[in-house]
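The values are calculated or read from the model by the stated rules, or taken from the named source; none is laboratory data. Everything quoted here is computed from the prediction, not taken from an experiment. Counting neighbours? That spans all protein chains shown, and the Cβs are built from the backbone with ideal geometry, glycine included. Heads up: the accessible areas ignore ligands, DNA and RNA and are worked out on the full protein's heavy atoms, side chains in. Shrake-Rupley method; radii C 1.70, N 1.55, O 1.52, S 1.80 Å.
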Amino acid sequence: MSMRVLSIQSHVVSGCKLFCLFVYMRKNYLSSDVRHVGNKAAAFPLQLLGFDVDVINSVQFSNHTGYGSWEGEVLQGDMLLKLVDGMDENGLSDETGHILTGYIGSESFLRAVVTIVRKMKVVNPQVRYVCDPVLGDIGKFYVPEQLVKIYKDEVVPLADVLTPNQFEVEQLTGVRIENINDAQRACGILHDLGVPLVLITSIIFPTNAQQSQDSMGVFASERFMLQNVSCGIETESYEDEQRILYVPKMPGQFTGTGDISAALWLALTADSTSSLAQKLEQLAGTMNAIVERTYQASLEKLQKQGISSLEEPKDEATRKRIVRSREMQLIQSASDILNPPLRFQATKISER
């Protein structure tokens, strides 16, 4: 399978991913003052792992929206189609092996993505579509709510891999997830819609005794279709493999973790030689290392400024300093991307 990825998601100004990769390969490290969300978060780890990445920015903003204010522009669906048509005319999308999508803020743009994915899958049925259905988190929508129906009816059935968080799974399936059985049922609904592999990137079971208050679950579910022959009659059945592991939660909110997770999961699942459990353990190890490094760097920066990250910001300027201190330490975590630390063990979930 081709190692070329077409990544369609948001972009924020600051730093340059190709320069970052060059500097890392020279064994030097950039300062931590680089912002990583959307394509900025996805491209570097994919390139580091050997993928060529063609980037289309769904939006181009000065900074991520966690700051509260930003400037920039939004790409419209017709322009997206023109960009991809231009690539097709010059044979530049012939070698695309993977499509990755993240934040999409409008109906027209989402429908354009559907058109592109369908067209690429007709030309090359082996193209994998990895969809991070960015809808919101912790009970709050980031996008217009009407996009949920489009995702469910048109986008999800095209996806080979889906990487939602708990809130997004609940919106797509209508299942409120309060225990492992609920997670299994929700993933079953997504499998029935046509998605072979689902990764719930962050999940909290309020009634689960196995999960401590300071941890969250990462849940993976893969459906395998089986061909059966009995008395000369062929029938089809399926088998689901499901794994879960728990990782510690870090205090505070860290923007870009979902974007990085989706990119890493694309790379890990492109490798057919490792098991679902191994892939989940590698993903969790790398993400924990990145977030832990980011958290420690944040504490050091805020301490120098005399700010406590545990206290509610007293003014807008302080709040923005806290947000800036939590920019993901992605470049500094290059070694953990190349060599995932194995810190957690994935547990097999029995059938419901």
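Could you please give the count of residues in segment 236-269 that are part of a helix (DSSP H, G or I) and either more than 13 Å from the chain's Cα centre (by Cα) or of a type outside the set (D, E) (or both)?
12
Here are some residues: V59, V84. Which one is within 30 Å of D315 (Cβ to Cβ) and modelled with pLDDT of 75 or more?
Being within 30 Å of D315 (Cβ to Cβ) and modelled with pLDDT of 75 or more holds for just one of V59, V84, which is V59.
Condition first: surrounded by fewer than 16 Cβ atoms within 10 Å (Cβ to Cβ) and within 19 Å of the chain's Cα centre (by Cα). Can you find one or more residues in segment 271-285 that meet it?
The answer is yes, given that some residue of segment 271-285 is surrounded by fewer than 16 Cβ atoms within 10 Å (Cβ to Cβ) and within 19 Å of the chain's Cα centre (by Cα).
Condition check: open to solvent by less than 30 Å² (accessible area, probe 1.4 Å), of a type in the set (A, V, I, L, M, F, W, C), farther than 25 Å from N165 by Cα and modelled with pLDDT under 90. Does L302 satisfy that?
The answer is yes for L302.
Out of G105, G97, I need the residue that is touching a residue at least 12 places away in the same chain (Cβ under 8 Å), of a type outside the set (K, R) and assigned to a strand (DSSP E or B). Which one?
That would be G97, the only listed residue that is touching a residue at least 12 places away in the same chain (Cβ under 8 Å), of a type outside the set (K, R) and assigned to a strand (DSSP E or B).
Could you grab me the full set of residues in segment 133-167 that are open to solvent by less than 10 Å² (accessible area, probe 1.4 Å) and either within 25 Å of L46 (Cα to Cα) or of a type outside the set (A, V, I, L, M, F, W, C) (or both)?
Once the filter is applied, which keeps residues that are open to solvent by less than 10 Å² (accessible area, probe 1.4 Å) and either within 25 Å of L46 (Cα to Cα) or of a type outside the set (A, V, I, L, M, F, W, C) (or both), segment 133-167 yields P133, L135, G136, Y151, V155, V156, A159, V161, L162, T163, P164.
When you go through (1) at pLDDT 95 or above; (2) buried (at least 17 other Cβ atoms within 10 Å of the Cβ) one by one for K40, which number turns out not to apply?
Checking K40 against (1) at pLDDT 95 or above; (2) buried (at least 17 other Cβ atoms within 10 Å of the Cβ), the one that fails is (1).
Would you please name the residue that is farthest from T255 (Cα to Cα), looking only at residues in segment 170-181 that are crowded, with 17+ Cβ neighbours inside 10 Å and touching a Phe, Trp or Tyr at 6+ places or on another chain (Cβ under 9 Å)?
Looking at the filtered set, the residue picked out is I180.
Kindly indicate whether any position in segment 243-255 is at pLDDT 90 or above, within 30 Å of P144 (Cα to Cα) and surrounded by 17 or more Cβ atoms within 10 Å (Cβ to Cβ).
No, segment 243-255 contains no residue that is at pLDDT 90 or above, within 30 Å of P144 (Cα to Cα) and surrounded by 17 or more Cβ atoms within 10 Å (Cβ to Cβ).
Filter segment 213-235 for residues that are open to solvent by 40 Å² or more (accessible area, probe 1.4 Å) and within 19 Å of the chain's Cα centre (by Cα) and give the result.
Within segment 213-235, M216, E222 qualify.
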